[in-house]
Amino acid sequence: MKQLIPSTNHSHHSFGQLPALPWWVRRRWQLVALLLTALLLLGSRAQATVVVPVGTAPGGQYPTIALALAAVPSPLPVAYELELLDATYSENVFLNKTGTAANGLTIRPAAGVTVVINGTVTFGAGSAYATLSGNNGGPRALTVRQGSQLLPALVFSGDASHNTASQIVVRGATSSWTSGVVVIGDGYATGNDDNALTQSSVGNADPALLPANLVYAANAGGGTNDGFALTGNDLFNFTRTGVQVGAGNGDAWTIRNNNIYYNAAAVPTTAQTGIDFGPGSAANDALVANNAIGGQAAGATAGIWTNAGTQSFRGIVMNCGNSSTLTNEVTGNLVKNVSLTGTSSAALTALGVDAGRNELSGNTVASVTNTGTSGVNSLVSRANTMLGTFSVSSGQLMVVESGVTVVQGDLINAGILNHTGGDMLVTGNFTNTGTFAQTLGDIEIRGNMVNSGQFTCSTGKVKLTGNGPQTVSGGLYFNLEVNGAGTKTLTGNATVYNGVQMLSGVLATGSRYALTLDRLANLVETDASYVLGRVDVNRTPTAGVLEDFGGVGLEMTPATGSTLPGSTFVTRITGTAPVGVGGRQGILRYYDIDADVLSGLNLTLTLRYLDHELNGISRGNLRFFKSTNGGATWAARGVSTAGAGTPTGTGYATLGAVDGFSRWTLGDFIAPLPVSLTEFKAEREGRNAVLSWTTATEQNNRGFGIEVSLDGKTFSEIGFVAAQGGGTGSAPRRYRFVDAREGKAGRRYYRLRQDDRTPGEPRYYGPQQFTFEAEEPVFSAYPTQFGQDLTVELRHPATTATLRLLDGLGREVWRQDVAPGAAPLHVQPTGPAGAYILTATVAGQVLRQRVVKD
């Protein structure tokens with residue numbers, strides 16, 4: 001229930017007549033106080049809102065808001081409402097009344113009246129539970145307008161608390177970088193706490209005088225400004241910052257559901273920021289959510305916000321506290337329809353985390369462009385940034401410069417991701433179809449790495465810590481660490497510049513890829529955590545100095561004064577044992593060694609292995625074995641010393657006076673690696689491929705499958721040659737196979753597959769490759785003068801061809817699709833008698849012959 005302050009004089013008075021009023025009018029605020037006291041004594045009656053009409057219009061009790069406020073007691077014994085009757089008030093309004101949640105002070109326009117206050121409205125010292133409302137039955141019926149470039153339009157200061165400006169229009173022109181159209185300013189002791197600006201419009205008062213900042217918060221006085229809510233507002237047209245929250249502001253800020261856009265006629269050229277939330281390390285529990293930044297209207301719509309300057313544009317920037325309980329959240333925001341058109345190195349940054357700990361989720365960056373050289377940064381992280389699943393779109397950048405960036409989900413990069421400092425953690429999959437460049441810091445990945453783009457780590461470390469199988473991108477790594485259970489499998493060739501450290505789990509290269517150690521890189525393994533597959537390394541040994549080839553388990557020391565091998569290339573294969581006839585095997589490791597000088601050497605060679613690679617062979621039975629034909633035959637070379645190695649779970653064997661390189665392994669001298677295939681050749685004879693091979697010994701051999709491939713990867717069987725003599729014997733045996741199939745053209749790869757009579761894995765030899773030139777097509781038809789039947793010979797590598805009969809005018813009178821081949825084709829062309837051209841169209845080539853039909 002509302003009640004009006006009683007008045008005995010309803011006549012209009014100017015300021016000059018006020019002193020002549022009767023005493024009871026001049027002292028009516030005291031009478032009101034007495035009346036309120038009396039009402040309080042009635043206890044049993046409900047407290048009513050006291051309505052004070054303000055204005056020079058009929059019914060107004062006070063001509064100005066200031067005079068009306070002077071009549072309101074403080075603290076408020078009941079709720080008060082100042083009802084504005086006039087269209088315009090030219091005054092500064094200072095609110096200093098202390099109310100409660102039940103007894104507050106409200107200032108609003110009277111029903112049906114649209115009001116403009118030309119001046120500054122301040123929620124000042126002592127102001128508590130005051131509301132400045134533009135809702136008089138319709139929204140935004142109240143405008144606070146300050147035309148001075150030196151003054152704000154709306155201020156919260158002096159420990160103002162629990163005050164609200166709601167559904168109003170605020171217009172200003174302040175040009176100072178340390179002020180704004182709306183200012184949340186200095187406190188006295190506790191700061192300005194729990195105030196709000198909501199559902200309002202904040203913008204420029206003059207089309208030609210744009211304010212520097214729209215909302216500016218800084219407290220150089222006492223306490224901190226906590227709990228401010230900036231929600232549901234339209235903020236537009238500024239030269240510097242839409243919302244700037246600086247030092248002296250504290251916890252529990254809410255900036256939510258605001259629209260920040262630019263639609264002034266003048267295209268800006270200064271650095272601009274939508275939301276610069278930078279209170280510093282003492283501020284936590286902030287929420288920046290569902291704000292739309294960009295465009296020329298609410299929702300980042302109605303066109304493009306264009307900045308033609310050479311300075312940066314930023315959407316949202318966070319610099320706050322580091323609490324993990326009072327979390328700072330940036331969620332659901334939209335940065336859209338912004339274009340930085342100046343030609344410079346200025347960056348357009350949609351989201352920036354400069355300091356503190358911030359949780360980011362559900363933010364969208366779309367339709368933003370930068371014609372300068374620094375592009376569009378969807379995110380720049382310089383602090384502790386917590387992300388949900390995060391995507392970097394094509395044409396955008398994500399930059400991690402310092403702190404810790406955690407992606408709690410998948411990281412999807414289709415643009416450019418520059419990791420220049422700090423650490424990253426991706427708990428899900430990391431998919432890179434763009435460019436990933438790491439120049440400093442570590443990135444830890446617990447899911448799969450999927451890479452079809454460019455992946456380069458020139459410094460820093462990539463850590464694989466998933467608790468199970470992971471796929472690992474090929475690319476360039478500085479340091480690679482495996483510290484998670486399960487097998488991590490390469491999906492491309494990987495080169496490591498500095499080091500690979502195996503702490504837990506297995507890194508598998510598979511059969512198609514290799515891990516290459518650059519000239520300064522080292523590999524550290526244990527019997528429980530190791531690289532499985534192929535490792536490549538290149539070093540140049542020095543006389544009298546042990547060369548360990550980056551820790552791949554091969555060591556060599558050339559004798560002083562001996563011939564040096566020069567640049568030496570080593571391929572280590574683990575997990576695969578050299579296999580011979582009868583299934584006798586070596587350890588699960590061998591080395592292919594190539595060098596500038598392959599013979600006439602004198603060096604000591606040490607092979608190190610992991611205990612699980614012994615493959616059932618006693619450590620004491622190990623001997624060196626050498627193959628000069630890719631593992632087809634092996635020669636025992638003995639051993640100088642052998643034993644257990646350091647750390648536990650490793651072993652070694654050393655051989656002196658080694659004079660040359662090829663393939664080396666360790667095998668069992670009791671069951672040495674036997675001779676199997678001694679020769680395999682593939683040669684061309686005309687249009688045929690002739691394969692020949694020789695075995696030295698055979699045991700339980702079923703025979704050989706002959707396989708062919710067009711790309712060297714996918715093979716199919718084209719024939720099988722059974723083993724001679726029952727598949728067992730110690731005398732050499734020679735085999736031959738001829739591929740006489742028609743249509744061979746281009747490169748062909750041939751390999752042998754040797755099958756045992758007992759179940760087991762086949763063994764492959766080769767491949768051998770050579771090229772067939774394309775076969776010239778053959779086309780003829782006879783008899784050339786025919787009645788009904790016509791015989792056609794057509795040979796061509798293609799699978800289909802089209803025959804056509806053309807008359808003297810080139811018109812088609814008959815056609816038939818056929819399959820080229822060695823066998824003649826019998827066709828019956830239809831058409832009247834006469835001379836014709838018979839054509840064969842095959843693989844885009846047209847062959848012709850004249851014929852006559854009787």
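The values are calculated or read from the model by the stated rules, or taken from the named source; none is laboratory data. For clarity, every value in this text was computed on a predicted model and none was experimentally measured. Please note: Cβ atoms are built from the backbone with ideal geometry, for glycine as well, and neighbour counts cover all protein chains shown.
For the stretch 380-402, residues that are within 18 Å of I445 (Cβ to Cβ), of a type outside the set (S, T, Y) and surrounded by 19 or more Cβ atoms within 10 Å (Cβ to Cβ) total 6. I'd like to know if the stretch 703-711 contains one or more residues that are assigned to a strand (DSSP E or B), touching a strand residue (DSSP E or B) at 6+ places or on another chain (Cβ under 6 Å), among the polar types (S, T, N, Q) and buried (at least 19 other Cβ atoms within 10 Å of the Cβ). So far as the stretch 703-711 goes, no, none of its residues is assigned to a strand (DSSP E or B), touching a strand residue (DSSP E or B) at 6+ places or on another chain (Cβ under 6 Å), among the polar types (S, T, N, Q) and buried (at least 19 other Cβ atoms within 10 Å of the Cβ). Of the residues I107, I117, the single one that is touching a strand residue (DSSP E or B) at 6+ places or on another chain (Cβ under 6 Å), more than 21 Å from A205 (Cα to Cα) and either β-branched (V, I, T) or touching a residue at least 60 places away in the same chain (Cβ under 8 Å) (or both) is I107. Of all residues in the stretch 817-842, those that are of a type in the set (S, T, Y) have Cβ atoms under 6 Å from Cβ atoms of residues that are part of a strand (DSSP E or B), 6 or more apart or on another chain, in T830/W814; Y836/L805; Y836/V851; T839/R804; T839/V846; T839/R848; T841/T802.
Per-residue answers, yes or no, for (1) surrounded by fewer than 17 Cβ atoms within 10 Å (Cβ to Cβ); (2) touching a residue at least 24 places away in the same chain (Cβ under 8 Å); (3) more than 22 Å from N195 (Cβ to Cβ):
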residue	(1), (2), (3)
G248	no, yes, no
D251	no, yes, no
T270	yes, yes, yes
D276	no, yes, no
S281	yes, yes, yes
N284	no, yes, no
A289	no, yes, no
A292	no, yes, yes
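Taking the criterion of being farther than 19 Å from G294 by Cα and not in a strand (DSSP E or B), the residues of the stretch 208-244 that qualify are A208, A218, N219, A220, G221, G222, G223, T224, D226, G227, F228. Restricted to strands (runs of 3 or more DSSP E) entirely inside the stretch 739-846, those with at least 1 residues that are in contact with a helix residue (DSSP H, G or I) (Cβ under 8 Å, 6 or more places away or on another chain) and under 30 Å from G727 (Cα atoms) are 746-756.
When the residues of the stretch 763-796 are filtered to those that are surrounded by fewer than 17 Cβ atoms within 10 Å (Cβ to Cβ) and of a type in the set (G, A, S), the one that is nearest to V846 (Cα to Cα) is S780.
Hey, any hits in the stretch 186-195 for a residue that's within 18 Å of L214 (Cβ to Cβ), not basic (K, R) and not in a loop (DSSP other than H, G, I, E, B)? The answer is no; no qualifying residue exists.
Matching residues to (1) farther than 18 Å from A160 by Cα; (2) at pLDDT 95 or above:
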residue	(1), (2)
A48	yes, no
P58	yes, no
T64	yes, yes
E83	yes, yes
E91	yes, yes
L95	no, yes
L105	no, yes
G112	yes, no
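Among strands (runs of 3 or more DSSP E) entirely within the stretch 70-134, having at least 1 residues that are over 24 Å from P152 (Cα atoms) and either in contact with a helix residue (DSSP H, G or I) (Cβ under 8 Å, 6 or more places away or on another chain) or charged (D, E, K, R) (or both) singles out 80-84. Annotation note: Cβ proximity below 9 Å between a residue of the stretch 137-152 that is at positive phi and a residue that is modelled with pLDDT of 95 or more and not in a loop (DSSP other than H, G, I, E, B) (sequence gap 6+ or interchain) occurs for R140/I168; R140/V169; R140/S201.
Here the condition is being surrounded by fewer than 24 Cβ atoms within 10 Å (Cβ to Cβ) and among the polar types (S, T, N, Q); of T164, T174, it holds for T164 alone. Here G441 meets each of (1) at positive phi; (2) surrounded by fewer than 19 Cβ atoms within 10 Å (Cβ to Cβ); (3) not aliphatic (A, V, I, L, M) with one exception, condition (2).
For the stretch 599-619, the condition holds for at least one residue, the condition being that it is out of contact with any Cys (no Cβ under 9 Å at 6 or more places or on another chain), among the hydroxyl-bearing types (S, T, Y), within 25 Å of Y513 (Cα to Cα) and surrounded by 16 or more Cβ atoms within 10 Å (Cβ to Cβ). Test T771 against the stated conditions and say whether it is among the hydroxyl-bearing types (S, T, Y), within 30 Å of G631 (Cα to Cα) and touching a Lys or Arg at 6+ places or on another chain (Cβ under 7 Å). Yes: the conditions hold for T771.
On inspection, T802 qualifies as farther than 30 Å from A632 by Cα, in contact (Cβ under 8 Å) with a residue 40 or more places away in the chain and either surrounded by 13 or more Cβ atoms within 10 Å (Cβ to Cβ) or under 56 Å from the mean Cα position of the chain (by Cα) (or both). Within the set G643, G651, G656, G630, the sole residue that is part of a loop (DSSP other than H, G, I, E, B) and either of a type in the set (G, A, S) or at pLDDT 90 or above (or both) turns out to be G630.
Looking at the stretch 519-546 only, could you name the residues that are of a type in the set (V, I, T) and over 19 Å from L480 (Cα atoms)? Across the stretch 519-546, the qualifying residues are T540, T542, V545. Sub-7 Å Cβ pairs linking a first residue in the stretch 514-530 that is part of a loop (DSSP other than H, G, I, E, B) to a second residue that is of a type in the set (D, E), at least 6 apart or interchain, are A514/D536; D527/D611, ordered by first then second residue.
Can you say whether L520 is more than 25 Å from E613 (Cβ to Cβ), out of contact with any Asp or Glu (no Cβ under 9 Å at 6 or more places or on another chain) and not acidic (D, E), as far as the supplied structure shows? When the stated conditions are applied, L520 passes them. Mind listing just one residue for me: the one in the stretch 455-513 that is assigned to a strand (DSSP E or B), under 24 Å from T420 (Cβ atoms) and among the small types (G, A, S) and, of those, modelled with the lowest pLDDT? Result: G475.
Residues in the stretch 464-480 that are closer than 16 Å to S504 by Cα and either surrounded by fewer than 21 Cβ atoms within 10 Å (Cβ to Cβ) or of a type in the set (V, I, T) (or both): T465, N467, G468, P469, T471, V472, N479. Do we find that T557 is of a type outside the set (A, V, I, L, M), over 40 Å from the mean Cα position of the chain (by Cα) and surrounded by 17 or more Cβ atoms within 10 Å (Cβ to Cβ) in this structure? Yes, satisfied. A single entry from L532, L517 fulfils the requirement of being within 34 Å of the chain's Cα centre (by Cα), of a type outside the set (V, I, T), under 28 Å from T459 (Cβ atoms) and buried (at least 22 other Cβ atoms within 10 Å of the Cβ): L517.
Only one entry of G242, G172 meets the criterion of being more than 29 Å from G321 (Cβ to Cβ) and either modelled with pLDDT of 95 or more or under 36 Å from the mean Cα position of the chain (by Cα) (or both), and that entry is G172.
Taking the listed residues T471, T456, T427, T433, the one that is over 20 Å from G388 (Cα atoms) and under 15 Å from the mean Cα position of the chain (by Cα) is T456, with no other qualifying.
The set of residues in the stretch 201-233 being crowded, with 20+ Cβ neighbours inside 10 Å and among the charged types (D, E, K, R) consists of D226 alone.
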